[in-house]
Amino acid sequence: MAREWLADAAFYQIYPQSFYDANGDGIGDIPGITEKLDYVAELGCNALWICPCFDSPFKDAGYDVRDYRRVAPRYGTNDDLVHLMDEAHARGMRVLLDLVPGHTSEEHPWFRESARAEANELSGRYIWTDSAFVGTPQRPSIAGECERDGCYMVNFFKCQPALNYGWSDPSEPWMSALDAPEALATREALKDVMRFWLDRGADGFRVDMADFLVKDDDEERVGNTAIWQDVRRMLDEEYPECVLVSEASRPWWAIPAGFDVDFYLDHPGNGYNTLLRDGGGQGEDHSFFRCGAGGDARRFLDDYLPRLEAVRGKGYVALVTCNHDTPRATRTLGQRELALAWATLLTLPGPPFVYYGDEIGMRYLDLPTKEGGYARTGSRSPMQWGPGANLGFSTAPAEELYLPVDDAADAPTVEAARADAGSLWHVVHDVLALRHRTPELQADGPFELAAVREDGSAFAYRRGALTLAVNPSPTPWELAVEGEAAPAYLIGEATASETGLVLGPQSFVICQGPPHPPV
Ligand code: NOJ
Ligand code: CA
């Protein structure tokens, strides 16, 4: 069973480089996040996920950790992070840090030691073959870089050597069994990193590439399950409140393995992908939320509902507005389309995640790559707070910013969005407020599909006594709703009809009462 506080959690994801620069050096920082906690709370989010903020050479924006126990100097100090977590707790908010268990930076002292020719205590901390001329299967590997005569496996970019948690099938002499001393030592080192931040106030972790620790694992991920169940046993004993959120997009695996929440990510061919950015920017875009694009809700529902069912009562599937790896939905959707999308995503089961800036419809920018971002860089630009220099992100000269701020004359800002009652910001704010007051709309609330329009261009769902319906299409949809048809929340138009209501084009509604007749 997942940790209790998740039932009413709404997360805000922060990319620390780009959120708020408190000391004017051009890059976001931890004190900047602390200064903006009241803003996050006002929006309606009561939990944070902060992307890696640890010491790193930043070849992958901090996902290449050099020291797990030290805040990167560019963001501040360990004390600053502890202070941020204290301040969050004082406001009833929780903080998840980003745990990168599968690899370190090539500059991590563990790797430096492991790469030495002489055998030493850390020789087995990473995955090395016995010869620089023999590569590793399953994943890319690198040879000829180190004095050690071997080839080491990488987990992602070249700068990210894979940590050794052992193999399900140790068929080569250089592979460790899952319970080999060196593999167990890596596991213990990981637990110690977790303890370090849990002791200092972290409420849990978002776990990077959670189902890739054991490299030859099968579809069931048996080896990875064994590792995370062991980690969870430690947590149950020592930190029972610790929340784990997996980047796996395999809830049927992640929840039994010990995670509380699993992200539903935009992996090719899955249902989430068909909502906002079908076709990934290439080919035909039939996104459900794109008005008139011919989207079909069943492409999402047929993939999403079995995921929900698989973990019901045990854990959650988390829907995200975006994240630092995916293009912001503004690349293809307008403000009204986004309003419908966010209202829907924020009222489905599981704890929602709002990516910073999505509440004001920040644009996906065409930016040159930064710190291994490549196409992802366009989703990582500085938060737009208000009018004036750098849109309030930093007092540094514009050319010294981590990334350029959106320079469009109509770039949205928090200040303008808050002042405009019809803005996207108010949609996020109002829907989250309603969610916090209404247990049925929260993570554990009941969920049932109520109706799908014949052509798939709209659908309705029930959460307890509430009926919610979304119609992103350009034509009205007549929906039978029994009882109180007066909307508790509305975007667009909903008018009473003889049998219920007509939901206007590009509209979203929450009303009391079940649909009638049951569909
Ligand atoms: C997933 C992270 O979200 C991404 O940003 C990173 O580059 C890879 N994992 C490697 O850690
Ligand atoms: Ca700074």
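Taken together, the values in this text are just the output of simple stated rules run on the coordinates, not laboratory data. No experiment lies behind these values; they were computed from the predicted model shown. All Cβ positions, glycine included, derive from the backbone under ideal geometry; neighbour counts span all protein chains shown.
Quick check: net charge around G373, other residues with Cβ under 12 Å of its Cβ, Lys/Arg +1 and Asp/Glu -1?
Working: positive: K59, K370, R376, R380; negative: D60, D325, E371.
Local net charge: +1.
Axis angle, to the nearest 10 degrees, between helix 424-437 and the longest C-alpha principal axis of the chain: 90 degrees.
Working from label points 7 Å from Cα in the Cα-to-Cβ sense, the A465 to D86 distance is 4.4 nm.
Kindly identify segment 124-283 as rounded, prolate or oblate by the Cα gyration tensor criterion: order the square roots of the eigenvalues as a ≥ b ≥ c, call it rounded if a/c is under 1.5, otherwise compare a/b with b/c, prolate if a/b is larger, else oblate. Oblate.
The modelled label-to-label distance for the pair E238/E498, using points 7 Å beyond Cα in the direction of Cβ, is 6.9 nm. Let me know the longest stretch in the chain that avoids all GluC sites (Glu not before Pro) found in a DSSP loop with at most 13 other C-beta atoms within 10 Å. That would be 285-453.
Short-range pairs are left out: with C-alpha atoms under 8 Å and at least six residues apart, the relative contact order of segment 36-109 is 38 percent.
So how much slack lies between R70 and A419, counting 0.36 nm per residue of separation and subtracting their Cα-Cα distance, in nm? Intermediate results must be reported in sequence, preceding the final value.
On the way: separation 349, 0.36 × 349 = 125.64 nm, distance 3.94 nm.
Here the answer is 121.7 nm.
Apply the a/c threshold of 1.5 to the C-alpha gyration tensor of segment 1-146 and tell me whether it is rounded, prolate or oblate. Prolate is the answer for segment 1-146, as a/c is 1.5 or above and a/b outweighs b/c. With a Förster radius of 25 Å applied to the C-beta separation of D302 and E220, the computed FRET efficiency comes to 0.65.
Would you compute, from DSSP H runs of 4+ residues alone, the mean residue ellipticity of the chain at 222 nm, taking -39500 (n - 2.57) per run and dividing by the full residue count, rounded to the nearest 500? Mind dumping the intermediate values first?
On the way: 12 runs with 125 residues, N = 519.
Rounded to the nearest 500, the figure is -7000 deg cm²/dmol.
Note: relative contact order over the chain, using C-alpha pairs below 8 Å and six or more positions apart, is 13 percent. Computed extension gain for D192 through W252, at 0.36 nm per residue and net of the alpha carbon distance, reaches 18.9 nm. Model label points for D169 and E309, set 7 angstrom from Cα along the Cα-to-Cβ axis, are 3.2 nm apart. Taken one residue at a time, the phi angles of segment 254-269 give Karplus couplings (6.51, -1.76, 1.60, θ = phi - 60°) of 5, 5, x, 6, x, 7, 8, 9, 10, 6, 9, 9, 7, 6, x, x Hz. Gly and Pro are set to x.
Quote the FRET efficiency, to the nearest 0.05, computed for D38 versus D130 with a Förster distance R0 of 41 Å and r equal to the Cβ-Cβ distance.
Working: r = 56 Å, r/R0 = 1.38.
Step by step, r from the Cβ atoms, then E = 0.15.
Given a cut-off of 25 Å, name the pairs among K215/K370; K36/K59; K158/K215; K158/K370 whose C-alpha atoms lie farther apart than that in the structure shown. Working shown, then result.
Details: K215/K370 29 Å; K36/K59 27 Å; K158/K215 16 Å; K158/K370 16 Å.
Violating the 25 Å Cα-Cα cut-off are K215/K370; K36/K59.
Put in line by how crowded their Cβ is, counting other Cβ atoms within 10 Å and starting with the fewest, V214, V134 read V134, V214.
For the pair A486 and E121 in one chain, pulling the backbone fully straight at 0.36 nm per residue adds 124.6 nm over the alpha carbon distance.
Please give me the summed charge of the neighbours of R69: other residues whose Cβ is under 12 Å from its Cβ, Lys and Arg +1, Asp and Glu -1. Write down the numbers at each step before the final one.
On the way: positive: R66, R70, R195, R200; negative: D55, D67, D192, D199.
Once positives and negatives cancel, what remains is 0.
Between the Cα long axis of helix 78-90 and the first principal axis of the chain there is an angle of about 30°, rounded to the nearest 10.
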